[in-house]
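Notes to accompany the following structure.
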C-alpha cells in the first residue's frame with residue numbers, strides 16, 4: 001500500500017511540475033480602451049486611447065474631422081464647428097499591421113435652445129415676428 005501512495009505522490013508531483021506558467025505570446029489585438037469622440041456643434045479636440053497597437057496609422061475620410069496626431073497608444077482628432085442643424089457621424093479607421101479598428105465620431109448639429117417660460121412664449125414669438133416684418137420692410141425700401 002505504501003508503494004501505491006509513493007507512486008501516486010510521484011505522479012502528482014510530476015503533473016504539477018509539468019504545468020507551464022508561460023503566457024500566450026501571441027500579439028494582443030488592437031483595441032480602443034477609451035474614446036472621447038462625441039462632440040457638440042462647437043467642435044474641438046478628442047482622443048482615442050489604444051492598446052495592442054504597433055506602428056499605428058489612422059485616417060478620416062471627411063474634411064470636418066481631421067487626424068491631428070497618431071502614436072501606438074493614442075489617436076488625436078480635431079473636429080470643426082458644425083453650422084448645420086443636422087448631426088453628423090464618420091468613422092475613423094485605425095490600423096496596426098493587419099488589425100483594423102473603426103471608431104465612430106459623432107457631432108451634434110447647431111441647435112437653438114429656448115429658455116422662455118410658457119407664459120412668455122407668445123410675447124417672444126410676437127417680437128420675433130415683428131423683427132422679421134421690419135427687416136422685410138427695410139429690405140423692400142432699400143431696393144427702391
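The values are calculated or read from the model by the stated rules, or taken from the named source; none is laboratory data. Treat the numbers as computed from the prediction; the structure is a model and nothing was measured. Using ideal geometry, Cβ is built from the backbone for each residue, glycine included, and neighbour counts are taken over all protein chains shown.
Can you tell me which residues in the range 33-91 are under 17 Å from residue 102 (Cβ atoms), more than 11 Å from the chain's Cα centre (by Cα), free of Cβ contacts under 8 Å to residues at least 40 places away in the same chain and part of a loop (DSSP other than H, G, I, E, B)?
Matches in the range 33-91: 61, 62.
Kindly evaluate residue 6 against the criterion of being modelled with pLDDT under 95, within 19 Å of residue 105 (Cβ to Cβ) and not in a strand (DSSP E or B).
It is false that residue 6 is modelled with pLDDT under 95, within 19 Å of residue 105 (Cβ to Cβ) and not in a strand (DSSP E or B).
Could you tell me whether any residue of the range 109-124 is modelled with pLDDT under 65, in contact with a helix residue (DSSP H, G or I) (Cβ under 9 Å, 6 or more places away or on another chain) and loosely packed, with under 10 Cβ neighbours inside 10 Å?
Yes; the residues of the range 109-124 include at least one that is modelled with pLDDT under 65, in contact with a helix residue (DSSP H, G or I) (Cβ under 9 Å, 6 or more places away or on another chain) and loosely packed, with under 10 Cβ neighbours inside 10 Å.
Do the conditions hold for residue 100, that is, is it touching a strand residue (DSSP E or B) at 6+ places or on another chain (Cβ under 6 Å) and at pLDDT 90 or above?
No; evaluated as a whole, the condition is false for this residue.
How many residues are under 21 Å from residue 40 (Cα atoms) and exposed (fewer than 15 other Cβ atoms within 10 Å of the Cβ) when one looks only at the range 70-90?
Here the count works out to 7.
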